[in-house]
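Q: Please find one structure pasted underneath; my questions will follow.
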Amino acid sequence: MNKLVIIFPLLVIVTPLAFADSSNVGTIYWKQDVVSSNSFVDIYVNDNDMNKKEYPNFADKFTITVWSDASPDGLEIQVVENGVYSGIFKGTVYIADSGETTKNRLVSNPGDFLYAKYVDYTLPDGSTSEIVSAAVVKISGQSMDDLLDTLDPSLRPMSSTQNEIPAWIKNNAGWWADGTITDGEFLSGIEFLIKDEIIEVAPTSTSSQTSDVIPAWVKNNAGWWADGTITDGEFVNGVQHLVNSGLVSVSTNAEPEQRTSAEPKNADSELAALQAELDKCSEIVTAYKRIDCEKPIKKAMTLHSYKIDAEKFEVGPITYYWQGIGSEGNEFYITPTGQAILSIRMLAENTSSETTAINCTSPQICAYDTWNGEIAFKYSGMDFTSGQIVMNPGDSREFNILFGPNIGYGGTEFEYDSSKDYFFRINEDFGSASIPLNLE
């Protein structure tokens, strides 16, 4: 049987080719149907047959339209598949109560309806269908239920389907029951659904009930559920047993997430899959073709490696990943002459649907510095090309900034005072952040 590897964030599932059924009709929904002003909100499109990318191990993407009562012209934003062949696409828009609607920033007033539209071009008869979902901007101190009830139910697909288990997991249950996929692959799928609150089970202590063996009755239940013999509720009872036994992890605020010994870290599995693709590139004899093959994979591996261990900072259209002092390219020390040296290496990813740029032209004209509460220290060296790094949607770029001796041109000498807290500051036109450095 032919198989495809589905890689969700922290998820690997193996599914047959029938997963991308061309008869599938897409859906679109807002993550919340009540959205706060001045906040980011996610929008999801589910459409299995939008997996059009021929190159393996890379997610697909396309654009959708969003608008509000206050911004009827709206804008287009990009949605990106959250795993290879998952068919689940996510986009993010910032809901602002003032300013202009531009890039991924949608101006909306409290009480406004928000709309998102996906045009499904892959219907089996060759026609197209416009699919729209709606949410509402919260009015402080007021229940929004009455306003939401005025919406056509078809505009609230999340509300009507949030308790339904997706068809693909039912397929996986059947394939698990007949041995097509492994225990670890099926358990990873269940963990994904629980963490995304697609199915609900109760977190529980596993201190006296842990097990490394999946009972036969649970696997039998999965097969019976897949062929319609038992209900969703009876299947979820089996999932609850897996949680109680410690075979499926349900993280809570009180305890860190644990992963079962039966399944290696999915992040490692994804990295291994990328490495396997990179190894295949070495078989290409023609140099430029080999480089073309390797370049996107190496880029994906760099991004993936950062995301495993890094702290994430979302600033407007750019997400910054930083692995902390002590990681490669990030160090702090004092030279024998007493000069403090600070090196910062960071990865920036454009998660918006528009081309943007991060900027650092000179020590005085740079969106990045180090701050100790009193003094803003300007860089001694950086690797921005021509003073800026232009990034297309989905692009990621690593950059390095050094703080140390004063190089002139408006620079400053970096000084360390152990009594002060130091922050790496981002001050771009599109947003700002202060990242604690914890120097010692």
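Q: What distance in nm lies between label points placed 7 Å from Cα along the C-beta direction at Lys117 and Asp146?
A: 3.0
Q: Length gain on complete extension for the stretch Glu331 to Glu76, per 0.36 nm per residue less the alpha carbon to alpha carbon distance?
A: 87.8 nm
Q: For a footprinting-style exposure proxy, rank Val41, Val25 by other Cβ within 10 Å, fewest first.
A: On the way: Val41 21, Val25 14.
Ascending Cβ contact count within 10 Å gives the list Val25, Val41.
Q: Separate question: Are there any chymotrypsin sites (Phe, Trp or Tyr not before Pro) in the range 364-417 that are in a DSSP loop and have at most 16 other Cβ atoms within 10 Å? List them by number.
A: Taking the range 364-417 and a limit of 16 other Cβ atoms within 10 Å, the loop chymotrypsin sites (Phe, Trp or Tyr not before Pro) found are Tyr409.
Q: Continuing with this model, one more query. Return the sequence-ordered ³J(HN,Hα) values of the range 94-101 in whole Hz as given by the Karplus equation 6.51 cos²θ - 1.76 cosθ + 1.60 applied to θ = phi - 60°, using x for Gly and Pro.
A: 9, 8, 10, 9, 7, x, 10, 7
Q: Taking H placed 1.01 Å from N in the peptide plane, check which residues at least 5 places from Asp369 or on another chain put their amide H under 5 Å from its amide H.
A: Those lying under 5 Å, H to H, from Asp369 are Arg425.
Q: With θ taken as phi - 60° and the coefficients 6.51, -1.76 and 1.60, list the Karplus ³J(HN,Hα) couplings across the range 118-135 in order, rounded to whole Hz; mark glycine and proline as x.
A: Karplus-based 3J(HN,Hα) across the range 118-135 equals 10, 9, 8, 9, 10, 6, x, 8, x, 7, 10, 9, 8, 10, 10, 10, 10, 9 Hz.
Q: As a test of the definition: which semi-axes, in Å, follow for the range 318-436 when you take the square root of five times each eigenvalue of its alpha carbon gyration tensor? Largest first, please. Walk me through the numbers on the way to the answer.
A: Values: eigenvalues 125, 44, 34 Å².
The answer is 25, 15, 13 Å, longest axis first.
Q: Which whole-Hz couplings ³J(HN,Hα) result when phi for each residue of the range 314-331 is put into the Karplus expression 6.51 cos²θ - 1.76 cosθ + 1.60, θ = phi - 60°, listed in order with x for Gly and Pro?
A: Here the 3J(HN,Hα) series is 8, 10, x, x, 10, 9, 9, 10, 9, 9, x, 4, x, 7, 4, x, 10, 8 Hz.
Q: Next question. Can you list residues from other chains, or at least 5 along the same chain, whose modelled amide H is less than 5 Å from the amide H of Gly381?
A: Amide H neighbours of Gly381, under 5 Å, 5+ apart: Leu402.
Values quoted throughout were computed directly from the atomic coordinates according to the rules given, and no laboratory measurement underlies them. Since the model is a prediction, treat every value here as computed from it, not as a measurement. All Cβ positions, even for glycine, are placed from backbone atoms using ideal geometry, and neighbour counts span all protein chains on display.
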